Amino acid sequence: MKKILILGGGFGGVATYKHLHKIIHPANIHNIQVELINKTNYFTFSPMLHEVATGSVGREHIVQPLREMLKCCGKDFHQALIIKIDPKKKLVYTNTGNYSYDILVIALGVEQSYFNTPGAEKYALALKWLPGAIAIRNRIINSFEQASEKHDTKDSDAMNKFLNFVIVGGGPTGTELAGQLSDLLQNEMVKFYGDIPINHAKVVLIHAGRRLIEQLSTQASASALKRLQKMGVEVILGETVTEVTKDSVKCSSGSSIPSNSVFWTAGTESGLKKILPTKLLNERGMISVSGTFQVPEYPEIFALGDNAYVTEDDFKYPPLAQAAVQASSTVAKNIIAHIHHQTPRKKRYRHKGDIIPIGNSYGIFEQKTIRFTGFFAWVLRRIVFMQTMYGWRNKIHVLFDWTVETFSPRDTSEF
């Protein structure tokens, strides 16, 4: 029996497992066993992390236990932290033991990058994982509690420190978070913290690029900027953060913003340098694969998702969840082809479009030359998420959260 080991319980890893699971059942004619290793025992629907951070959606509603997702084969899941991969010995070393494999699938995703910015990793909160979203939510609420106390003592300088919310990074995540945070401040926080003048609360978005969401067209970027400015967000473009301290953010222009709430959404980096031989990685630390998603030196190793770099120009896949899901089907088929010594296939990536929600009732949709903004794009995004989320229970809970939020305030209690 051939043992297939999948590393990573994100979009790429779970989708690959599901494709292989369909091949195994009801009759395992290919004589394979599939196992999955992940550092947490749950899958996170990460595109909704900014909604958890601002109280629109419950944290437990965007996660699903991996054993539940693996259905009848939950025993094939291992919760472990990967320490090292030895391609020659075909072994994966973890903090709970070692795992052998015949075929390895690497779908570990990427880590948050702070670009060696002094103080950023220590003082900024990253919206990359569920714990980060929860920490951001608690920081926002606690900052208002602290500001309320400072307002009572007439300490305006200290109050401003607690009410300046700085977001670093103007990609999709930072832009979405800025919109949701602005809505939260102008609605729930105005209502529940009436003793604090709302003009003291400010959202600042700092982006090193010349325009927001640079993977979109200039027209879409302009729409995002206009929307955020209309919502009262201060957008600073073409400027980098040079240092983050406990109470401030220092910028490349020399300016300093007093804030103890810095939310980091800028950039990612591969963590593969810690666990794989460097000769298999490119200069960015990503694992280089062919158009079949195989490592040329070790064809029994497949890689997909954020930390995989396809070297063939005609078959490149961007670091997006939809790209990882599309690649998973090809990976599963090529694994079976590899087992039976058949020719693997290649498939071009088909981009289905981008939908960026910015606050309530507004979104931006773009697919090639098709582009529209406003309420319908926002509704379309919710429809797409209902279709792509795993598990009916999560779908129902999220739909309920969205419905309740329409008619009542968000939950502003700390976790």
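In terms of surrounding Cβ atoms within a 10 Å radius of their Cβ, His151, His207, His61 rank from fewest to most as His151, His61, His207. When you count the other C-beta atoms within 10 angstrom of each residue and take the mean per peptide, 173-182, 305-314, 246-255 line up highest first as 173-182, 305-314, 246-255.
Among Tyr362, Tyr42, the order by Cβ neighbours within 10 angstrom, fewest to most, reads Tyr42, Tyr362.
Close amide H contacts of Gly55 (hydrogens built in the peptide plane, cut-off under 5 Å, sequence separation of 5 or more or a different chain): none are found. In the chain, the DSSP-assigned H stretches of four residues or longer account for a calculated mean residue ellipticity at 222 nm of -10000 deg cm²/dmol, using -39500 (n - 2.57) per stretch and the full residue count as denominator.
Check every DSSP H run in the chain and write down those whose alpha carbon atoms cover 24 angstrom or more along the long axis and whose mean Kyte-Doolittle hydropathy is -1.0 or greater. Walk me through the numbers on the way to the answer.
Numbers: long enough: 130-152 (34 Å, -0.47); 321-339 (27 Å, 0.67).
Span-like helices in the chain: 130-152, 321-339.
Taking amide H as placed 1.01 Å from N in the peptide plane, the amide H of Phe263 sits under 5 Å from that of Leu125, Val166, Ile167, Val168, each at least 5 places away or on another chain.
Students often check this: by mean Cβ neighbours within 10 Å, which of 132-138, 188-194 ranks highest, and how do the rest follow? Numbers along the way, then the final one.
Details: 132-138: 20.6, 188-194: 16.0.
Top of the packing list down: 132-138, 188-194.
Listing Leu184, Leu225 from the residue with the fewest other Cβ atoms within 10 Å to the one with the most, what is the order?
Working: Leu184 26, Leu225 21.
So the ranking, lowest neighbour count to highest, is Leu225, Leu184.
Test of understanding: extend the Cα→C-beta vector of Thr40 to 7 Å, then name every residue of region 378-414 with backbone N under 13 Å from that spot. What the label zone holds, given the 13 Å backbone N cut-off, is no residue at all.
Quick note: the coordinates plus some simple rules give every number you see, no bench work behind them. Please read these numbers as outputs of a predicted model, since none were measured by experiment. Heads up, the Cβs are rebuilt from the backbone with ideal geometry, glycines too, and the neighbour counts pull from every protein chain shown.
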